[in-house]
There are 2 protein chains.
Amino acid sequence: MSDVTVTDLYEVTMALSYVREDMRQDATFSLFVRDLPAGRGFLVAAGLEPALDYLSAFRVGPREVRDFAEALERPVGDVEPLLGLEFDGEVRAVREGRLVFADEPLLEVTAPLPQAQLVETYLLNQVCHQTCVASKAARCVLAAAGKPLIDFSLRRTHGTQAGLQAARLSALAGFAGTSNVAAAVRLGIPASGTMAHSYVEAFPGEEEAFRAFARAHPGPVTFLVDTYDTEAGVAVAARVLAELRRGPGCAVRLDSGDLGALARRARSMLDDAGLGDVRIIVSGGLDEYGVDDLVRAGAPVDVYAVGTRVGVAADAPYLDAAYKLVAYDGRPVMKLSSAKVTAPGRKQVFRRPGCADVIGLYDEPPPEDAEPLLRTVMRDGRRTGPPDTLDGARARFEADLAALPASARRIRGPKAPVPVFSPRLAALTDEVRGRLTREHP
Amino acid sequence: MSDVTVTDLYEVTMALSYVREDMRQDATFSLFVRDLPAGRGFLVAAGLEPALDYLSAFRVGPREVRDFAEALERPVGDVEPLLGLEFDGEVRAVREGRLVFADEPLLEVTAPLPQAQLVETYLLNQVCHQTCVASKAARCVLAAAGKPLIDFSLRRTHGTQAGLQAARLSALAGFAGTSNVAAAVRLGIPASGTMAHSYVEAFPGEEEAFRAFARAHPGPVTFLVDTYDTEAGVAVAARVLAELRRGPGCAVRLDSGDLGALARRARSMLDDAGLGDVRIIVSGGLDEYGVDDLVRAGAPVDVYAVGTRVGVAADAPYLDAAYKLVAYDGRPVMKLSSAKVTAPGRKQVFRRPGCADVIGLYDEPPPEDAEPLLRTVMRDGRRTGPPDTLDGARARFEADLAALPASARRIRGPKAPVPVFSPRLAALTDEVRGRLTREHP
């Protein structure tokens with residue numbers, strides 16, 4: 001099944017009409033998030049690289065024509081005008097890892113109208129979800145205040161593809177590892193994981209389980225200590241670890257109960273046993289709020305493993321993103337009805353110090369001290385440079401995060417910077433609105 | 001990348017230890033949901049078929065061994081004891097489409113311990129997510145009270161695989177179609193979709209847009225009427241539709257604003273124009289709550305298109321599901337610490353009239369009037385019958401839904417039936433708890 005057919009049917013019905021009417025002039029669509037979800041002071045741009053992979057390979061071949069015809073319940077001949085259609089347009093986009101805010105285009109596609117329309121659904125799918133999860137992971141990094149984080153989300157993500165994406169996006173945001181083997185191998189990021197409660201239960205007792213684990217794994221080991229009674233589990237782990245002398249890198253993992261209190265008790269027991277270098281890993285229903293609570297309480301936690309809530313971005317599992325036509329054949333356009341008004345025209349985001357962003361027109365001169373965020377990443381359907389790397393995206397994220405105002409970095413009640421329109425964009429918006437209101441009184 | 005490596009690393013570390021210790025006796029793991037999310041009166045079992053596909057194909061080959069070794073940072077030779085491992089166990093499961101409640105096993109795997117452990121992550125990933133989305137879609141079907149629903153979620157699902165799953169699961173729950181072309185073709189379900197606001201904007205005006213659409217599409221057409229001013233849009237659509245005389249199947253779509261009020265106004269305008277057979281489709285941020293509001297208000301809506309909130313199960317995007325070892329080598333086991341106690345032993349769910357379910361032991365005689373829900377669907381690693389069909393799952397869902405108590409069917413404040421333990425299961429739980437408490441005082 002080709003990715004070309006992973007699309008909403010209406011993209012196909014519209015494209016067929018455009019081709020029939022010979023409406024092949026250049027259109028610009030702008031992909032942006034209307035409002036940030038509650039509890040988000042920023043978004044981390046993500047999903048661009050998979051989107052560019054898709055556009056690079058986009059081609060309506062005979063099989064896609066047959067599938068489109070089947071979905072439309074039309075003869076294949078009716079859909080043949082789309083045969084051979086490829087994406088040969090331009091993409092200007094915010095690179096992965098950059099911080100973005102409401103109304104700021106994450107990408108703008110300029111291409112002949114049928115092409116630019118047909119790719120809508122897939123681009124939204126990739127960019128919405130990935131920006132959503134990357135932003136959640138980024139907040140965990142903020143909450144952990146320098147301590148390493150591990151992605152444990154695979155068992156609860158929306159399918160396995162989403163699990164792979166969650167591992168990639170959390171690595172982009174600075175996580176130290178993932179439990180997901182396929183993701184770790186494919187992306188070259190560290191894999192992490194030790195034992196489940198079932199492992200301990202399969203042995204007569206905890207001590208037998210821990211010793212057997214150490215027999216199979218000669219390096220540093222992590223023991224899960226909360227299968228029966230956590231304090232007793234820590235005592236057993238301390239005894240076995242003291243004998244093993246596996247050195248730094250060993251750890252105990254707490255997965256239930258009052259993680260802060262148990263971490264303090266475990267730390268004290270381990271220290272008393274001369275195991276000051278044995279680390280404490282906590283997991284179990286954590287996200288940035290849980291991590292923040294533990295950090296603020298001064299819990300002696302060395303590593304935070306976060307899963308479900310981060311992998312599905314549980315408190316805000318989607319973004320209110322749109323892919324809107326802003327110009328066609330040189331004419332700026334916009335939608336008027338109800339509250340969903342969008343500004344017309346091709347745009348640029350000018351970042352000024354402190355994320356005091358200005359959204360302007362793509363060809364206007366940048367304000368003083370401003371950096372344009374949208375770069376031309378694809379021209380004539382080809383990438384303008386080599387594919388981006390995860391390290392590059394992470395470096396951009398870290399630099400942007402360091403420059404983000406404290407009010408937007410807050411875990412609770414963050415306040416996102418609100419971009420302003422440039423005078424030229426504001427004037428164009430008024431002008432187009434006025435014209436449309438006269439035409440559709 | 002094989003699905004075998006789509007797993008948490010700890011499954012591999014544990015399996016290696018089990019093999020080293022020659023712990024290959026049969027283990028039973030039970031996959032169940034601990035608590036239903038707020039706002040759910042039932043769950044719809046789903047994800048079994050993809051899980052069985054995975055188990056049927058499960059084999060640790062040389063490539064998987066290399067990937068496991070890379071993730072573990074161990075020599076390939078250390079992982080070779082897993083080479084050739086396949087799944088040749090038994091699966092007892094609740095068939096897709098059946099309703100289930102808290103603590104009821106959705107499936108139980110009985111297999112040699114290393115195998116039964118290695119498949120944990122993938123099974124949880126499939127069953128959690130799919131049961132979650134199917135349950136959300138089912139509530140939309142209840143809310144729509146007989147009116148057809150269409151899945152529009154692809155642009156906001158967590159990746160494209162999740163979009164395909166959402167289309168399948170909503171069809172399972174009785175949706176009439178999906179916008180997702182790939183899903184429609186692959187699953188043989190109707191595809192649905194017409195035009196976006198961008199289409200209308202690309203023309204000089206709505207009338208030109210609607211006429212052009214009708215030129216490209218000779219059958220029944222749907223016009224999107226809220227690009228500029230909804231009432232004016234309905235008037236234009238009515239004029240064009242009256243001229244076209246395309247007969248029943250034509251529709252107008254409302255995508256923003258006060259959908260109930262606009263639907264009433266549109267209905268009245270269409271009726272006045274002699275277009276009583278033109279239908280009204282509504283969309284835009286709907287889920288079961290929005291649909292319920294419209295139905296209760298008597299809005300003259302013919303088709304509900306639901307997207308984002310259903311495709312990501314926005315109000316409950318994950319389930320608190322677990323895959324717990326309940327027996328090993330003939331010995332029932334359980335976890336004790338904190339609140340996460342699970343009952344030991346292989347189980348059966350006995351459904352009595354009105355969903356007054358009893359969770360018992362797998363080999364106990366059924367209570368009177370009770371139907372056992374868990375069936376043996378895989379034996380010796382092979383399906384016991386042909387793969388299930390979507391139609392079969394839908395039929396089971398419809399039958400179960402008809403028998404569900406009204407309090408569980410409510411859209412707001414539903415009350416889920418609470419299964420009870422059979423006396424034998426309760427006695428076993430007490431016995432194992434007592435033994436473990438003596439051993440881990």
- Percent of alpha-carbon pairs separated by more than 19 Å within the stretch A:266-418: 75
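Is the C-alpha gyration tensor of the stretch B:202-283 telling us rounded, prolate or oblate? Criteria: a/c under 1.5 is rounded; beyond that, a/b larger than b/c is prolate, otherwise oblate. Numbers along the way, then the final one.
Working: a/c = 1.67, a/b = 1.18, b/c = 1.42.
It comes out oblate by the Cα gyration axes.
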- For chain A, averaging the sequence separation of alpha carbon pairs under 8 Å that lie six or more residues apart and dividing by its residue count, the contact order in percent is 23
- Task: Return the FRET efficiency for the residue pair A:A399, A:D26: r is the Cβ-Cβ distance, R0 is 25 Å, and the value is rounded to the nearest 0.05.
- Result: 0.15
- Task: Taking 7 Å along the Cα-to-C-beta vector as the label spot, tell me the B:Y289-A:D293 distance in nanometres, rounded to one decimal.
- Result: 2.3
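What is the mean number of Cβ atoms from other protein chains located within 10 Å of the Cβ atom of each residue in peptide B:172-184, rounded to a whole number?
Working: counts 0, 0, 0, 0, 0, 1, 3, 7, 7, 17, 10, 4, 6.
Mean shielding count: 4.
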- Shape of the stretch B:356-441 from its Cα gyration tensor (a ≥ b ≥ c, root eigenvalues): rounded if a/c is under 1.5, otherwise prolate when a/b > b/c, or oblate? oblate
- Message: For the stretch A:235-301, what does the accessible surface come to per residue with a 1.4 Å probe? Please give it in Å².
- Response: 41
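Taking a 31 Å limit on the Cα-Cα distance, which of the listed pairs A:K136/B:K136; B:K147/B:K347; A:K347/B:K136 fall beyond it?
Working: A:K136/B:K136 23 Å; B:K147/B:K347 39 Å; A:K347/B:K136 38 Å.
Listed pairs above 31 Å: B:K147/B:K347; A:K347/B:K136.
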- Message: Ordered shortest first, which distances in nm separate the 7 Å Cα→C-beta label point of A:G247 from those of the other copies?
- Response: 8.2
- Message: Need one value for B:217-225: mean number of C-beta atoms belonging to other chains within 10 Å of its residues' C-beta atoms.
- Response: 2
- Comparing A:P105, A:P114, A:P248, which has the greatest mean-square fluctuation in the GNM of chain A with Cα pairs linked when under 10 Å apart? A:P248
- Item | Gap separating the Cα centres of the stretch B:82-131 and the stretch B:19-62, nearest whole Å | 2
- What are the extents of the Cα atoms of the protein assembly as shown along their three principal axes, listed from largest to smallest and rounded to whole Å? 82, 70, 46
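Scan chain A and hand back the longest stretch that contains none of the GluC sites (Glu not before Pro) lying in DSSP loops with at most 15 other Cβ atoms within 10 Å. Don't skip to the end; give the middle numbers.
On the way: sites that count: A:E73, A:E368.
In short, A:74-367.
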- Cα centroid of the stretch A:243-260 to Cα centroid of the stretch B:246-322, whole Å: 53
- Message: Out of all Cα-Cα pairs in the stretch B:142-311, roughly what percent, to the nearest whole number, are more than 23 Å apart?
- Response: 39
- Message: At 7 angstrom along the Cα-to-beta-carbon line, where would the label on A:E207 sit relative to the other copies? Give the distances in nm, shortest first.
- Response: 9.1
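Mean Kyte-Doolittle of at least 1.0 and a Cα length of 30 Å or more along the axis: which whole DSSP H helices of chain B meet both? Show your work: numbers first, answer last.
Numbers: long enough: B:120-144 (36 Å, 0.46).
Qualifying helices, which must be both long enough and hydrophobic enough, do not occur.
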- Which of the chymotrypsin sites (Phe, Trp or Tyr not before Pro) found in the stretch B:45-96 are loop residues per DSSP with 12 or fewer other Cβ atoms within 10 Å of their Cβ? none
- Item | Ranked order, A:D53, B:D272, B:D229, A:D292 - accessible area, probe 1.4 Å, largest first | B:D272, A:D53, B:D229, A:D292
- Value of [θ]222 nm, deg cm²/dmol, for chain A, DSSP H segments ≥ 4, -39500 (n - 2.57) each, nearest 500: -12500 deg cm²/dmol
- Item | Dimensions in Å of the stretch A:152-230 - Rg and Dmax from alpha carbons | 14.9, 42
- Item | Cα gyration tensor of the stretch B:370-416 - equivalent ellipsoid semi-axes, whole Å, descending | 29, 13, 9
- Item | Ascending list, in nanometres, of distances separating the A:R352 label from those of the other copies (7 Å, Cα toward Cβ) | 7.2
- For chain B, modelled as a GNM with alpha-carbon contacts under 10 angstrom, which of B:F223, B:F203, B:F42 fluctuates the most? B:F203
- Note on the structure: Rg/Rh over Cα atoms for the stretch B:31-110, Kirkwood Rh, comes to 1.15
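How big, in percent, is the set of alpha carbon pairs in chain A lying more than 42 Å apart? Each step should come with its number before you reach the end.
On the way: 26176 of 97020 pairs.
In whole percent, the long-distance tail amounts to 27.
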- Message: If I take every Cα pair under 8 Å that is 6 or more residues apart in the stretch B:246-393, average their sequence separation and divide by the length, what percent do I get for the relative contact order?
- Response: 13
- Gyration tensor verdict on the stretch A:199-244 (Cα atoms; rounded if a/c is under 1.5, prolate if a/b is larger than b/c, oblate otherwise): oblate
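The values are calculated or read from the model by the stated rules, or taken from the named source; none is laboratory data. What you are looking at is a predicted structure, and each value in this text was computed from that prediction instead of being measured. Glycine gets a Cβ as well: all are built from the backbone with ideal geometry, and neighbour counts include every protein chain shown. Side chains are part of the model used for accessible areas, which takes the heavy atoms of the whole protein and leaves out ligands, DNA and RNA. Shrake-Rupley method; radii C 1.70, N 1.55, O 1.52, S 1.80 Å.
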